[in-house]
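Working notes for the structure below.
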Amino acid sequence: MGEGLTQSSILVVEDEILIRLHLAEELRAAGYAVVEAADSREAMTVLTSRDDIGLVLTDIRMPGSIDGVALGRWIRTRFPEIKIVLVSAEFYSGNFKEFDGGFTKPVRIDDLLRRVRQLLPQAEHGGSRGR
């Protein structure tokens, strides 16, 4: 608790449970601590109650009034140090450059892990699995 804030946990925000579980499992296998949220409201609750989230991986299309882009912008305003990576099942016509990364589903896990390691290098625990 007292020794320097390490924001090394990843928050995975995805309403499709099987995709969320798969992404969380792959990130954990790579050595990351992962927290899961089913929608933006749940993600906002997690973010306001924890201080260890360093990266948010969020789907763009989710139920409710706050999609992944709006969530990303809210995070940028409240927690500018948190990295944001968007995932979309469809072509995203917006600008991924507004955030720290973007992937189209199905996500290639190797590509995702490569980007996550670039954004959270201090959290890497060498848990690379052969693919």
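Just so it is clear, none of the values below were taken in a lab; they were calculated from the coordinates. Since the model is a prediction, treat every value here as computed from it, not as a measurement. Note that each Cβ is placed from the backbone with ideal geometry, even for glycine, and that neighbours are counted across all protein chains shown.
Projected label points at THR104 and HIS22, each 7 Å from Cα along the beta carbon direction, are separated by 1.7 nanometres. Applying both filters, DSSP loop and at most 13 other Cβ atoms within 10 Å, to the trypsin sites (Lys or Arg not before Pro) of the range 1-66 gives ARG50. For LYS83, nonlocal amide neighbours, meaning residues 5 or more places apart or on other chains whose placed amide H falls under 5 Å from its own, are LEU55, VAL56.
Just to confirm the filter: which GluC sites (Glu not before Pro) across the range 16-62 are DSSP coil and have at most 16 other Cβ within 10 angstrom of their Cβ? Don't jump to the answer; show the numbers that get you there.
Working: sites: GLU16, GLU25, GLU26, GLU36, GLU42; in loops: GLU16.
The qualifying sites are GLU16.
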